[in-house]
1. Keeping every protein chain present and rolling a 1.4 Å probe, give me the accessible area per residue for the range 496-543 in Å².
2. Would you mind telling me the antiparallel percentage of the DSSP bridges in the range 245-371, rounded to 5?
3. Can you compute the FRET efficiency between Asn225 and His431 using 1/(1 + (r/R0)^6), with r the Cβ-Cβ distance and R0 = 56 Å? Round to the nearest 0.05.
4. What is the Cα convex hull volume of the range 222-410 when expressed per residue in Å³?
5. With a sphere of radius 13 Å drawn around the Cβ of Ser475, what net charge do the other residues whose Cβ falls strictly inside it have (Lys, Arg +1; Asp, Glu -1)?
6. Quick one: pull the percent of accessible area on the range 222-410 belonging to carbon and sulfur, 1.4 Å probe, ligands and nucleic acids left out.
7. So between Glu188 and Trp527, what do we pick up on full extension, going 0.36 nm a residue minus the alpha carbon distance?
8. Separation between the Phe317 and Ala332 pseudo-spin-labels, each 7 Å from Cα along Cα→Cβ, expressed in nm?
Amino acid sequence: MKSTAKKWRIILGVIIVLVFSINSILSVVISNIVNTQLEEINNQGKLHITVGKINLNVFVGNLNLKNVSVKSDSLFFDNFKQGNTQKASTSEFMLSDLKIRGFGIYDILVNKKIYARKIIANGLQLNLYKSDKHLNKTISDSNDKKSDSLFIKGINEIDFNSIVFDDFEFRIINAQSADTIFSYKEKECEITGIDLIAHPTIENYFIIDKENLIINFDEQEINTNDGNYKIVLNKIKYEYKTSSLLLANFKMNPTTEKAKLASTYIYNSEVYNFETDIIQLKGFHLDSILRTGIVKLDTVLIENPTIGIYKDQTKPFNLHKRPKFLNQTLKALNQPLHIEKVLIQNGLFSYWEKHEGFNELMTLDITDLNAEISNVTSLKENLTSGSNLTMNIQGKLSKVAPFKLDILMHYNTWNNSFSFKGSVGEANFVHFNPAIFPAAGVKFDDGKLQSMNFTVHGTPAGSNGKMTMLYHNISANFIKEHKKKKTISWIGNTLIVESNPSKRGNLRVAEIEFERVPYKGFGNLLWKSVMSGMVNTINPLGKHEKHKIENEKVSKVKHTKRKHKI
């Protein structure tokens, strides 16, 4: 009996030793296979791949690779930086730990098949290098069929279920200057739907099949470099099949209360907040973007956004600031970009200003905001083709007055000219008090706006146009000593035009004329242009044309030559 037990102990010990020996032997075999594959890939002259250490557990089907590095070949990267390749971008990545879970060693050695239940990549640093220059013409290349393929010798089939990246960093770097253009660091990302299919004509090469590729980022948080804002997203999802990128529950808010943040600025700089249910990029062709460096999108859809801008006007202006208009910004943009259409649906826009001597903020709200912005481009061929940037906006001003605004900005003009036209519907003037009173010291007691229509042409130097504002029984109080606000100070001791047209049938068509303040932007020019038309309508001395309404016909009878400067 003791002899039998002893025999079994010996047998069991031999089995254990044999098992561990097999695991060690197979670890060496797998290591040799991996190193051979790496040598074959490195000899192709495009990539240089290194692996620090390989650990294998054949019984549970786990393979660990330490300190994995995949970089472009040094000669190729030098040519890439000098612009001697057709590539606009190239990438490299480093991994501290790569874990391949659930593969079968029998399938690898006998069936020449690699299947992995899950791949976990820890400590990923992915660098995308963008080149300012690259070749545009087609170059004959005998290896062209291999350019989008992966070389793996001795394997017939590869199948991955999912890849999870834990603790990763992504950077976009200018290849020429080595400056970091963009960086992003987060905890987790999952990639599913990647298959490697054997090349139909070239042995030992695999085509990356991305037809079912999905990339998911869940619960992301990003802090801006200055620490003033936090960006939070519930989900980022890219689908290759639909060429779409979805950002769900996007929020960008100050890390402190908006007035407190504004108080830390030297100048009266803007404080922003932006929240939206969905941002969807349609026609997001990731392959093309990575290959050419050109970002082309069919549509950017923004649903239910809440947009806020706050300014502390008790702070001084930055007199050296020279903000560019959108068409100027796009023309100067280094990044090749083309967006056919940006759609904003069912939004809310709020603008607040703090003014000296007023407890309440100047507040302008636009509700039911819908907008379509077309032909957003920095591509040289589009900028010189005569195409224009257009913006069509509509909503409710101060929550009550329907308004429309159409903006056209030229790309291919020497003076960056633009035009806009708009209309405001029926409303009581008292609804505009929160937007006008703190800023201009004018408070309406009564009066009914029937309609407002305006047309304006301009350049970054200023604007000219005409406005027809129909209203009746306007009544207002004016602060005579409104510090630093001279906009409508003329009206303090002057009669106003209470109705337009007058009881005698005289219709005032006001001149719009505004000389741009160079350190202020397009929004200020637009608002002050409209205000000049309103002032010239209400002010008896304002510059206007007078028309006579007779039997519902309008005839021009007079043009005043007086000019009022606001």
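1. Solvent-accessible surface per residue comes out at 40 Å².
2. Roughly 60 percent of the DSSP beta bridges within the range 245-371 come out antiparallel.
3. Working: r = 41 Å, r/R0 = 0.73.
Efficiency, rounded to the nearest 0.05: 0.85.
4. Details: hull volume 28.2 nm³, N = 189.
It is 149 Å³ per residue.
5. So the environment of Ser475 carries a net charge of -1.
6. Numbers: 5140 of 9520 Å².
That share works out to 54 percent.
7. Length gained between Glu188 and Trp527: 117.5 nm.
8. Those two pseudo-labels are separated by 1.8 nm.
The values are calculated or read from the model by the stated rules, or taken from the named source; none is laboratory data. Everything numeric in this text was worked out from a predicted model, so none of it was measured. Note: ideal-geometry Cβ built from the backbone for every residue, glycine included; neighbour counts use all protein chains shown. Each accessible area value is taken on the protein alone, full model and side chains, heavy atoms only, with ligands, DNA and RNA left out. Shrake-Rupley method; radii C 1.70, N 1.55, O 1.52, S 1.80 Å.
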